[in-house]
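Worksheet for the structure shown next.
Every read-out reported here was derived from the displayed coordinates using simple, explicitly stated rules and does not represent laboratory data. It should be emphasised that the depicted structure is a prediction, and the values quoted were computed from it without experimental measurement. Using ideal geometry, Cβ is built from the backbone for each residue, glycine included, and neighbour counts are taken over all protein chains shown.
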Amino acid sequence: MLKALSARGLTTLTSAVFGILAARLILGQAGPEYFALYGLITALPSLLQFQDLGSGAALVNAIATSPNHDREPVRRALLSVWRVTFTFATCLFVVNLLLLFSGGWRLLLGTAGTVEQGPLVVFLGLTLWGLTIPLGVWIRILLGLQKNHLTVLIQGVLAPLNLTILWLLIRTGDEAYPYLSLSAYAGGLAVAMLGLAFAARHLPGVLSWAALRLAQVRRQPGARVMDVGWPMLAQMLSAPLSLTAQRYVLAQNAPADDVAVYAAAFQVFVAFLGVISAAGVALWPRFARQRMQGTLTQGPYKFSALMAAGASAVCGAVWLVRDPLFAFTTNGALHVSGEIVAAFGLMVVLQAALYPLGMFIMDKPGIRFQVIPTLTMAVSSLILAILLTPSWGVVGPVLSNCFCVIVCQIIPFSVYIHRHRARLWVRA
């Protein structure tokens with residue numbers, strides 16, 4: 001966890017700086033309408049985070065609990081996960097094509113969809129992302145190997161790469177403005193290729209073994225992964241429904257400037273969410289290995305309190321410097337109010353408190369338990385956002401998420417952990 005946290009701390013500053021510079025560059029050169037379009041299109045992969053249908057959890061557990069990481073269970077799990085991601089990428093391309101020709105993408109983009117070539121840019125971006133999806137198995141491999149710090153460092157390359165591509169596109173002239181969103185997708189593909197190379201190095205022979213047998217479905221069966229995958233899929237649906245989808249709720253109920261304000265605020269706070277995710281997810285294989293070895297004697301509450309306290313301090317500092325920070329970020333084109341900054345800060349603090357609780361119950365029974373609370377949170381958050389956004393504006397989606405995370409996840413997870421101490425705390 002400390003390595004992951006240190007790596008994320010190193011990349012957070014650079015990612016935040018490059019992200020702010022990217023927002024400033026788009027707002028200063030292209031304008032708020034193109035930044036709103038950029039924010040909506042680049043968020044689409046977050047809406048589809050379930051590209052491995054949750055099967056990657058089985059691969060993480062197989063690697064984390066295997067004394068010899070190139071054993072047969074790891075090979076078979078990788079083979080199955082790869083087949084799932086290739087299938088998802090193929091289906092995504094078909095749906096992407098249908099939405100392009102049916103006008104579905106223009107409808108989803110709402111007020112930002114009126115920008116010329118917007119639907120075509122969505123299609124091109126998701127096509128690039130479809131190529132990235134099968135490569136994304138590298139993240140699960142490094143997580144299982146307890147090398148999440150490498151994942152963080154490799155992903156940290158994306159922000160400067162994105163800014164470089166953006167700058168090159170803007171230099172070509174006004175006609176490139178609708179295509180600015182493609183910078184994130186092109187950079188993501190390059191990072192995935194780099195990450196897969198690192199995964200192959202740390203798991204020698206396994207990726208090549210699986211690649212050669214990928215198409216031999218009958219002759220080379222994979223491992224059973226969806227017994228964990230289906231419950232994990234429910235959890236993976238929660239973030240798209242409770243966070244990313246709300247951006248599109250705002251797009252349907254507010255002008256493009258409000259969508260741009262949301263995107264600008266999220267651009268700053270997403271760096272802190274990345275730190276929380278890196279530190280929290282690193283606890284998953286740690287808890288799994290200690291539970292298997294019979295040495296898991298400490299619960300998640302200490303981690304939860306420390307992460308929430310750290311997030312509170314950072315978000316408080318952002319609130320104090322909000323005016324000059326967002327004036328610089330938006331190049332003076334948008335006003336991000338103190339209420340919006342406070343709402344995003346609360347959301348970050350709650351995620352910091354939640355992550356260790358969820359990672360502590362990532363064994364099979366715990367994953368299955370999380371299905372109902374997590375889906376309830378996601379659906380309730382989306383419904384509440386639809387109700388509140390027309391009157392509350394930008395803060396409506398954010399506060400909807402905060403309320404539902406407390407009621408539907410933090411409280412139920414804490415009660416579950418207390419009631420199942422005998423199984424979750426294991427003494428040698």
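The ranking of 421, 75 from fewest to most other beta carbons within 10 Å of each one's beta carbon is 421, 75. Our Cα-only numbers for the stretch 87-191 put the radius of gyration and Dmax at 15.8, 46 Å. By the count of neighbouring beta-carbon atoms within 10 Å, fewest first, 102, 391, 15 end up ordered 391, 102, 15.
For the chain, what is the calculated [θ] at 222 nm in deg cm²/dmol (nearest 500), taking -39500 (n - 2.57) for each run of four or more DSSP H residues and dividing by its residue count?
Numbers: 23 runs with 326 residues, N = 428.
Counting only the DSSP helices, I get -24500 deg cm²/dmol.
Taking other Cβ within 10 Å of each residue's Cβ, how do 302, 364, 147 sort, fewest first? Show your work: numbers first, answer last.
Values: 302 10, 364 13, 147 20.
Going from sparsest to densest Cβ surroundings: 302, 364, 147.
The mean sequence separation of alpha-carbon pairs under 8 Å and at least six residues apart, normalised by the residue count of the stretch 2-423, gives a relative contact order of 25 percent. Within the chain, the selection of entire DSSP H helices by a Cα span of 24 Å or greater along the long axis and an average Kyte-Doolittle value of at least 1.0 returns 2-29, 72-102, 182-202, 256-281, 301-320, 338-360, 364-392. Judged by the mean number of other Cβ atoms found within 10 Å, the most tightly packed of the peptides 276-284, 81-89 leads the ranking 276-284, 81-89. Projected over all directions and averaged, the alpha-carbon convex hull of the stretch 321-387 occupies 6.3 nm². Translational diffusion of the chain was estimated from the Stokes-Einstein equation, with Rh taken as the Kirkwood radius over Cα pairs; at 10 °C and 1.306 mPa s the coefficient is 72 µm²/s.
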